[in-house]
1. Once both axes come from the Cα atoms, what is the angle between helix 277-297 and the longest principal axis of the chain, in degrees from 0 to 90, rounded to 10?
2. Quick one: divide the alpha-carbon radius of gyration of the chain by 2.2 N^0.38 Å and tell me what you get.
3. Quick one: angle between helix 83-99 and the longest Cα principal axis of the chain, in degrees between 0 and 90, rounded to 10, please.
4. To the nearest whole percent, what portion of all C-alpha pairs in region 306-386 is separated by more than 21 angstrom?
5. Hey, can you rank 24-32, 78-86 by average C-beta count inside 10 Å, highest first?
6. Given a Förster radius of 22 Å and the C-beta distance between residue 46 and residue 208 as r, what FRET efficiency does 1/(1 + (r/R0)^6) yield to the nearest 0.05?
7. Could you give me D for region 31-81, from Stokes-Einstein at 20 °C and 1.002 mPa s, where the hydrodynamic radius is the Kirkwood radius over C-alpha pairs? Units µm² s⁻¹, please.
8. Place the peptides 40-48, 327-335 in order of packing, highest mean first, counting for every residue the other Cβ atoms within 10 Å and averaging per peptide.
Ligand SMILES: NC(=O)c1ccc[n+]([C@@H]2O[C@H](COP(=O)([O-])OP(=O)(O)OC[C@H]3O[C@@H](n4cnc5c(N)ncnc54)[C@H](O)[C@@H]3O)[C@@H](O)[C@H]2O)c1
Ligand SMILES: O=C(O)CC[C@@H](O)C(=O)O
């Protein structure tokens, strides 16, 4: 029986796929797998038995990736599975930051009880809530991955002039991006030219504070800023005076902090980007399928720390080895197998940056001694036989 710990609410459409061979619970000791959404895992002790963490979603800044790699724990995410849900909320925010829809609705509620005067009061008060159209305005999209591409294409069909910036644009994203999107040469191109700016990059050490005082100073007066990626990408301390002066006309964020809540022209949304049944089902199914394939077959798809690797099973036993990407490592695996009288029928090894992963399909039983010898090799962080 495999054990899977679930740290957040995960759609049963996904967890039902675990099947009868799995014990699944929100509270258990020594799990082999963890399913997680946004739960903070940085301070969590990682169980020795833990093989993999599957993040039902895109962002993995809640997971200690480097620590997991060192322990041979494979971390998965579900690229693109919630992108449409986020795109739809970003489009809603484009309209909401323009047309003052939320404060206007709040104001209209105050007219309750005014009887026949309501229509007169509405006409008198409505000018306080006028706001511009998005048609023809310039939208800058920072980060053209799964979400950024969908946002850029949709905004373009709504009549916006869209500029995109992504120094690491993938081939897939380039194929999916409308040819009408203008390529920005630098982030400054976006900052200085655009009426609306939306951020769709991961949070990491190089993007934290991406929009700080210097960046804000380059933006057009009256710019509207949208952040559906992570709160720490925008420096709240630098943003507050820019909102106060009106230089930033509005800020929509899915990640409000205490200082932003209640501030005029801040649209503080409680992390609802991926909260649709469709997205929750997609993420859960992908996360569970990837986790199961890893636990049962050692195959890796959509990992953020180890390479993609997959091989059909056609031998008695599979040895899976997570290791550092250094020369002569594979030779030491085959030498140890040979010395143990193990015949390798098929093998595959892939690397990704500092890390690598090797699958050896063998025609014998594998002894705990051989696994211990493999794991004792310097580059190896985890070896198991399935
Ligand atoms: N609000 C939500 O509920 C929600 C849901 C999903 C994702 N997210 C956040 O949105 C982020 C993006 O999601 P995605 O699915 O589009 O991810 P993705 O990995 O498909 O795309 C991220 C893109 O950002 C680009 N990028 C990285 N650093 C950059 C930089 N400095 N400047 C410009 N581009 C850069 C990458 O090349 C990539 O194309 C996630 O990392 C997550 O933090 C939030
Ligand atoms: O799980 C969620 O609700 C949010 C997920 C989102 O932030 C992500 O990065 O995919």
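Only the coordinates and a few stated rules stand behind these numbers; no lab work does. Given the structure is predicted, the values throughout are model-derived calculations rather than measurements. Quick reminder, even Gly has a Cβ in these numbers, built from the backbone with ideal geometry, and neighbours come from all protein chains shown.
1. 10
2. On the way: Rg = 25.3 Å, N = 386, 2.2 N^0.38 = 21.2 Å.
Output field value: 1.20.
3. Once rounded, one gets 20 degrees.
4. 18
5. By packing density, highest mean first, the sequence is 78-86, 24-32.
6. E between residue 46 and residue 208, to the nearest 0.05, is 0.40.
7. Details: Rh = 10.9 Å.
Using the Kirkwood radius from Cα pairs, D works out to 196 µm²/s.
8. Details: 40-48: 12.0, 327-335: 13.7.
Ranking the peptides 40-48, 327-335 by packing returns 327-335, 40-48.
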